[in-house]
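Reviewing the structure listed below.
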Amino acid sequence: MNSKFSYERYSRQTLLKGFGETGQEKLLRAKVLVIGAGGLGCPALQYLAAAGVGTIGIVDNDTVSLSNLHRQPLYTTADIGLFKSETAAKKLRELNPEISFHVYNERLTSSNALEIMAPFDIIIDGSDNFATRYLVNDACVLLDKPLVFGAVSQFEGQIAVFNFHSSDKSPAVNYRDLFPRPPKENEVLNCAEAGVLGVLPGIIGTMQASETIKLITGIGKPLINCLLTFNALNNQFYEISLKPNQDTRSLIPATKEDFESMNYEWLCAAERSPREIDINRFDELIADKDTILIDVRESHELPIVTEFKHQRIPMSILKQAMIKTDAGTIVVFCQSGSRSLAAAEWLLGLSDQTRNVYSLKGGILQWINQHQKKETV
């Protein structure tokens, strides 16, 4: 420790077997970014600061409101109207003046996320909306940062550790392996609509702090590749193991440029899902001069399509292709329809994308089979 004061402050932790001064020094050297200074972020921030995490970042551009106080007791009635990030940092400095705080009084977006997140070792997601959750997850994958995830609704909370590479070098699970695509707007109610028991964010947020401390110090068994669900009504915990899904990797931007071009707010809006079209509608669009058709199969895949004019841009290079067209409609197809749906979703997520984008349901094989049957009749 640097001083007797420091030793006294953290003495109850350093007495722990397997933790000691070595663990405390790891905490003091660590850099943790907390996204959201609300119901989850408040308890996480308080316990990380108290534990002695040396550098803590806070991202939030919201202000304190009266409705926050039942689950965010870091703030008081006198703080109503003040910025959460600045107010939280001020109070936490009073709790522990030995550590450094970086305040980002701004909304996290695809244009600033990578720059903000890059200097930190671990990211804690305390956000309350799907656009930010998917943005944070994708940024963590791109930056190769561990993500401590938390979510609450009504009487139930969830926590998991994503994108952490274990010593056995097994593939890391990320949020999209659990939820590949965002739900439609209003499909899942948020806390403002569904409500939340005030103590629940405190429980889950504190657990996020605990998981972060375990990751930093190497103690215990963190929830790596696991999702823990807690029900406050019956005090039951459910833990499920998660496995990586390679099919979801195509949904995550592969480069900084791809990430910065994504519009996550739009991706999670009500009409964000690309529509699948059947063979009859596909035939109609083939004849439409205002439509561009794209085959996203790899170059070696058969059969070769000669029945109509189209572009062949394999899924593996689609994001680097920089598709430029004046066409008002894009139709994407592949062998069976799964990759084309992912490709259509990515095209829809482009910030400058205003076109109609469709995916051929069942893929080109089904289209060919259907047309062959018609010819033999």
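Coordinate-derived values only; no laboratory data. Source: prediction; values computed, not measured. Positions of Cβ are generated from backbone atoms using ideal geometry, with glycine treated the same way; all protein chains shown enter the neighbour counts.
Going by a ≥ b ≥ c, the root eigenvalues of the Cα gyration tensor, does segment 1-148 fall in the rounded group (a/c under 1.5), the prolate group (a/b larger than b/c) or the oblate group?
oblate
How far apart, in nanometres, would the label points at Thr329 and Arg12 be if each is projected 7 angstrom from Cα along the Cα-to-Cβ direction?
Taking the two extended label points, one gets 6.7 nm.
Past 30 Å, Cα to Cα, is the threshold; run Lys31/Lys243; Lys26/Lys169; Lys145/Lys319; Lys91/Lys169; Lys309/Lys361 against it and keep the listed order.
Going by Cα-Cα distance, Lys91/Lys169 fall outside the 30 Å limit.
What distance in nm separates the two pseudo spin-label positions at His70 and Glu260, each 7 Å out from Cα along the beta-carbon direction?
4.3 nm
Quick one: order Phe259, Phe162 by neighbouring beta-carbon count within 10 Å, fewest to most.
Listed from fewest to most nearby Cβ atoms, that is Phe259, Phe162.
Residues in segment 220-241 near a label at Asp144, defined as backbone nitrogen under 14 Å from the 7 Å Cα→Cβ point?
Flagged as within label range: none.
Between Cys226 and Arg275, with labels modelled 7 Å along Cα→Cβ, what's the label distance in nm to one decimal, could you check?
Going by the 7 Å Cα→Cβ label model, 4.5 nm.
Between (1) 34, 25, 22; (2) 46, 21, 19; (3) 33, 25, 19, which entry matches semi-axes √(5λ) of the Cα gyration tensor in Å as derived from the coordinates of this structure?
(2)
Can you give the extra length, in nm with one decimal, that the chain gains between Gln311 and Glu298 once fully stretched, where that is 0.36 nm per residue apart less the Cα-Cα distance?
Taking Gln311 through Glu298 to full extension adds about 3.5 nm, to one decimal.
Helix-only estimate, please: 222 nm mean residue ellipticity of the chain, summing -39500 (n - 2.57) across DSSP H runs of length 4 or more and dividing by its residues, to the nearest 500.
-10000 deg cm²/dmol
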